[in-house]
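Reading through the C-alpha coordinates given below for one structure.
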Amino acid sequence: MHILLAVDGSPYTQKMLDYLASHDEMLGPEHDYTAVTVQPSLPPRARGLLSKEAIDAYYADGAENVMAPVREYLGRKGVKITEVSKVGLVGDTIAATAESGSFDLIVMGTHGHGALGKLVMGSVSTQVLARCSVPVLLVR
(Lines give C-alpha, C1' and ligand atoms only; values in the text may rest on other atoms or scores of the structure.)
Protein backbone atom coordinates (compact mmCIF):
# COMPACT_ATOMS: atom_id res chain seq x y z
CA MET A 1 0.00 0.00 0.00
CA HIS A 2 1.24 3.50 -0.87
CA ILE A 3 0.54 5.65 2.23
CA LEU A 4 0.75 9.44 2.52
CA LEU A 5 1.54 10.70 6.03
CA ALA A 6 0.46 14.32 6.49
CA VAL A 7 2.77 15.77 9.15
CA ASP A 8 2.97 19.21 10.73
CA GLY A 9 5.25 18.81 13.74
CA SER A 10 2.42 19.11 16.25
CA PRO A 11 1.63 16.67 19.07
CA TYR A 12 -1.11 15.33 16.77
CA THR A 13 1.55 14.18 14.33
CA GLN A 14 3.22 12.26 17.15
CA LYS A 15 -0.10 10.68 18.13
CA MET A 16 -0.57 9.60 14.51
CA LEU A 17 2.93 8.07 14.42
CA ASP A 18 2.32 6.29 17.72
CA TYR A 19 -0.93 4.90 16.32
CA LEU A 20 0.87 3.54 13.26
CA ALA A 21 3.60 2.00 15.42
CA SER A 22 1.04 0.25 17.59
CA HIS A 23 -0.68 -1.39 14.60
CA ASP A 24 1.56 -3.88 12.84
CA GLU A 25 -0.71 -3.94 9.81
CA MET A 26 -0.15 -0.20 9.29
CA LEU A 27 3.59 0.07 9.80
CA GLY A 28 5.67 -2.45 7.98
CA PRO A 29 7.96 -3.17 5.07
CA GLU A 30 5.07 -4.14 2.81
CA HIS A 31 3.99 -0.49 2.68
CA ASP A 32 5.56 2.50 0.95
CA TYR A 33 5.45 5.75 2.95
CA THR A 34 5.64 9.36 1.88
CA ALA A 35 5.59 12.10 4.52
CA VAL A 36 4.33 15.46 3.33
CA THR A 37 4.51 18.75 5.18
CA VAL A 38 2.87 21.89 3.87
CA GLN A 39 3.81 25.36 4.98
CA PRO A 40 1.51 28.30 4.40
CA SER A 41 2.84 30.88 1.96
CA LEU A 42 4.43 33.97 3.40
CA PRO A 43 2.29 37.07 2.98
CA PRO A 44 3.02 38.97 -0.26
CA ARG A 45 4.49 41.94 1.61
CA ALA A 46 6.96 39.72 3.43
CA ARG A 47 7.91 37.94 0.21
CA GLY A 48 8.50 41.33 -1.41
CA LEU A 49 11.00 42.31 1.28
CA LEU A 50 13.03 39.09 1.21
CA SER A 51 15.35 37.57 -1.34
CA LYS A 52 14.42 34.31 -3.04
CA GLU A 53 17.29 32.65 -1.19
CA ALA A 54 15.98 33.87 2.18
CA ILE A 55 12.46 32.67 1.38
CA ASP A 56 13.71 29.28 0.20
CA ALA A 57 15.84 28.94 3.35
CA TYR A 58 12.84 29.85 5.52
CA TYR A 59 10.70 27.14 3.93
CA ALA A 60 13.55 24.59 4.01
CA ASP A 61 14.18 25.22 7.72
CA GLY A 62 10.49 24.90 8.50
CA ALA A 63 10.24 21.63 6.60
CA GLU A 64 13.34 20.21 8.27
CA ASN A 65 11.98 21.12 11.72
CA VAL A 66 8.86 19.07 10.94
CA MET A 67 10.52 16.17 9.10
CA ALA A 68 13.52 15.51 11.37
CA PRO A 69 11.51 14.03 14.28
CA VAL A 70 9.32 12.03 11.87
CA ARG A 71 12.39 10.67 10.06
CA GLU A 72 14.05 9.79 13.37
CA TYR A 73 10.97 8.14 14.88
CA LEU A 74 10.19 6.02 11.84
CA GLY A 75 13.88 5.25 11.33
CA ARG A 76 13.98 3.69 14.80
CA LYS A 77 11.09 1.48 13.67
CA GLY A 78 13.03 0.47 10.56
CA VAL A 79 10.74 2.41 8.23
CA LYS A 80 12.10 4.55 5.42
CA ILE A 81 10.07 7.43 4.09
CA THR A 82 10.08 9.64 1.07
CA GLU A 83 9.94 13.27 2.21
CA VAL A 84 7.92 15.92 0.40
CA SER A 85 7.76 19.56 1.41
CA LYS A 86 5.32 21.96 -0.21
CA VAL A 87 4.12 25.51 0.21
CA GLY A 88 0.49 26.54 -0.15
CA LEU A 89 -2.94 26.11 1.35
CA VAL A 90 -2.48 23.15 3.66
CA GLY A 91 -5.69 21.17 3.09
CA ASP A 92 -5.75 21.78 -0.66
CA THR A 93 -2.08 20.89 -1.05
CA ILE A 94 -2.34 17.65 0.92
CA ALA A 95 -5.38 16.61 -1.14
CA ALA A 96 -3.68 17.51 -4.44
CA THR A 97 -0.54 15.61 -3.41
CA ALA A 98 -2.60 12.54 -2.56
CA GLU A 99 -4.55 12.66 -5.80
CA SER A 100 -1.51 13.16 -8.00
CA GLY A 101 0.68 10.59 -6.26
CA SER A 102 -1.50 7.48 -6.66
CA PHE A 103 -1.76 7.03 -2.90
CA ASP A 104 -3.98 4.34 -1.41
CA LEU A 105 -4.42 6.06 1.95
CA ILE A 106 -3.79 9.37 3.72
CA VAL A 107 -3.03 9.20 7.44
CA MET A 108 -3.14 12.36 9.50
CA GLY A 109 -3.58 13.49 13.06
CA THR A 110 -6.51 15.69 13.94
CA HIS A 111 -7.12 18.13 16.73
CA GLY A 112 -10.61 16.73 17.23
CA HIS A 113 -12.45 20.05 17.28
CA GLY A 114 -16.20 19.70 17.51
CA ALA A 115 -18.64 20.93 14.88
CA LEU A 116 -18.62 24.49 16.24
CA GLY A 117 -14.82 24.61 16.21
CA LYS A 118 -14.75 23.44 12.61
CA LEU A 119 -17.35 26.02 11.65
CA VAL A 120 -15.43 28.86 13.27
CA MET A 121 -11.82 27.81 12.59
CA GLY A 122 -12.07 25.38 9.73
CA SER A 123 -10.18 22.13 9.74
CA VAL A 124 -7.37 20.84 7.57
CA SER A 125 -8.75 17.32 7.88
CA THR A 126 -12.21 18.52 6.79
CA GLN A 127 -10.66 20.27 3.79
CA VAL A 128 -8.73 17.14 2.82
CA LEU A 129 -11.86 14.99 3.13
CA ALA A 130 -13.86 17.42 0.98
CA ARG A 131 -11.26 17.76 -1.78
CA CYS A 132 -9.88 14.26 -2.11
CA SER A 133 -11.13 10.85 -3.26
CA VAL A 134 -8.30 8.98 -1.49
CA PRO A 135 -9.40 7.32 1.78
CA VAL A 136 -8.30 9.22 4.89
CA LEU A 137 -7.48 7.76 8.29
CA LEU A 138 -7.79 10.43 10.98
CA VAL A 139 -6.04 9.77 14.29
CA ARG A 140 -7.28 11.74 17.23
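Of all the criteria given as (1) under 26 Å from Leu129 (Cα atoms); (2) loosely packed, with under 15 Cβ neighbours inside 10 Å; (3) out of contact with any strand residue (DSSP E or B) (no Cβ under 7 Å at 6 or more places or on another chain), the one not satisfied by Met1 is (3).
Identify all residues within segment 62-76 that are surrounded by fewer than 13 Cβ atoms within 10 Å (Cβ to Cβ) and either touching a helix residue (DSSP H, G or I) at 6+ places or on another chain (Cβ under 9 Å) or closer than 17 Å to Ala21 by Cβ (or both); write none if there are none. Passing the criteria: Glu72, Gly75, Arg76. Of all residues in segment 1-27, exactly one satisfies the criterion of being farther than 21 Å from Thr97 by Cα, small (Gly, Ala, Ser) and touching a residue at least 12 places away in the same chain (Cβ under 8 Å), namely Ala21. Annotation: of all residues in segment 26-46 being part of a loop (DSSP other than H, G, I, E, B) and touching a Leu at 6+ places or on another chain (Cβ under 7 Å), the one that is nearest to Leu138 (Cα to Cα) is Met26.
For residues that are of a type outside the set (A, V, I, L, M, F, W, C) and assigned to a helix (DSSP H, G or I), scanning just segment 77-96, find the one that is surrounded by the fewest Cβ atoms within 10 Å (Cβ to Cβ). Give the derivation first.
Of segment 77-96, the ones of a type outside the set (A, V, I, L, M, F, W, C) are 77-78, 80, 82-83, 85-86, 88, 91-93.
Checking the rest, the ones that are also assigned to a helix (DSSP H, G or I) come to 91-93.
Details: Gly91: 21, Asp92: 16, Thr93: 23.
Here the residue is Asp92.
Taking the criterion of being in a loop (DSSP other than H, G, I, E, B) and within 9 Å of the chain's Cα centre (by Cα), the residues of segment 1-25 that qualify are Val7, Asp8, Gly9.
Taken as a whole, segment 102-115 holds no residue that is touching a His at 6+ places or on another chain (Cβ under 9 Å), surrounded by 12 or more Cβ atoms within 10 Å (Cβ to Cβ), at pLDDT below 90 and not in a helix (DSSP H, G or I). For the structure I just gave you, tell me whether Leu89 is touching a Phe, Trp or Tyr at 6+ places or on another chain (Cβ under 8 Å) and touching a residue at least 24 places away in the same chain (Cβ under 8 Å). So Leu89 does not fit the description; no. Filtering segment 26-59 to residues that are under 15 Å from the mean Cα position of the chain (by Cα) and not β-branched (Val, Ile, Thr) leaves Tyr33, Ala35, Gln39, Pro40, Tyr59.
The values are calculated or read from the model by the stated rules, or taken from the named source; none is laboratory data. Not measured: the values here are computed from a predicted model. Using ideal geometry, Cβ is built from the backbone for each residue, glycine included, and neighbour counts are taken over all protein chains shown.
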